[in-house]
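Asks: Pasting in a structure now, in structure tokens, and then I'll have a few things to ask.
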Amino acid sequence: MRNYILKFKIPSLIIFAFLVCILFLSVEQALAQNDGYKVLAPLPGTVNESTGKTTLEQYLPGLFNLAVGISAAFVLISLVIGGFQYLSTDAFMKKEEGKKRIENALKGLLLVAGAYLILYTVNPKLLDINLSIDPAQTPEPAGGQLG
């Protein structure tokens, strides 16, 4: 039993630590750059035309919209393939595969659309990513300067 726990926990902890490090290091590095970043392959609508640079704050919403669009394209392709499978065969099992593919494509579409609608319903600003952090205001000590 203990051997099973060690087999499961250690790789999971290593993967989790790796992902956390990547997330925090990339965000910290992106926030440290105030002048923007010149991307090699910009997403539509994320690049400032005058400078040709982008910030993480502009890039992440474009990436999210691109992911939603790509998933919708995959749903469409999967629907077409499932419809072709269903219509092109007389065998009962092949028809079931086509029906299952169409059903899974519609479930995927509902999942993507549902995630977007839930985020938009809870708060539309959740889809507008704002990474700017206001500096903390510290009051002066009452007795003047310390020391």
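Asks: Given the residues Ile118, Ile70, which is the only one that is among the hydrophobic types (A, V, I, L, M, F, W, C), under 28 Å from Gly45 (Cα atoms) and loosely packed, with under 11 Cβ neighbours inside 10 Å?
Replies: Checking each option against the conditions leaves just Ile118.
Asks: Somewhere in the range 88-96, is a residue of a type in the set (Ser, Thr, Tyr) and open to solvent by 90 Å² or more (accessible area, probe 1.4 Å)?
Replies: No, because not a single residue in the range 88-96 is of a type in the set (Ser, Thr, Tyr) and open to solvent by 90 Å² or more (accessible area, probe 1.4 Å).
Asks: Against the conditions (1) modelled with pLDDT of 70 or more; (2) surrounded by 14 or more Cβ atoms within 10 Å (Cβ to Cβ), where does Ile77 fall short? Just the number, please.
Replies: Checking Ile77 against (1) modelled with pLDDT of 70 or more; (2) surrounded by 14 or more Cβ atoms within 10 Å (Cβ to Cβ), the one that fails is (2).
Asks: May I pose another question? In the range 45-59, how many are within 18 Å of the chain's Cα centre (by Cα), surrounded by 17 or more Cβ atoms within 10 Å (Cβ to Cβ) and either of a type in the set (A, V, I, L, M, F, W, C) or on the phi > 0 side of the Ramachandran plot (or both)?
Replies: Qualifying residue count for the region: 1.
Asks: Which residues, counting only those in the range 41-94, are touching a helix residue (DSSP H, G or I) at 6+ places or on another chain (Cβ under 9 Å) and basic (Lys, Arg)?
Replies: Selection gives Lys94 alone.
Asks: Examine the range 2-10 for a residue that is farther than 23 Å from Pro135 by Cβ, modelled with pLDDT of 65 or more, surrounded by 10 or more Cβ atoms within 10 Å (Cβ to Cβ) and not basic (Lys, Arg), and state whether such a residue exists.
Replies: no
The values are calculated or read from the model by the stated rules, or taken from the named source; none is laboratory data. Please read all numbers here as calculations on a predicted model, not as lab measurements. Note that we place each Cβ from the backbone using ideal geometry, even for glycine, and neighbour counts take in every protein chain shown. Surface accessibility is based on the protein's heavy atoms, side chains included, excluding ligands, DNA and RNA. Shrake-Rupley method; radii C 1.70, N 1.55, O 1.52, S 1.80 Å.
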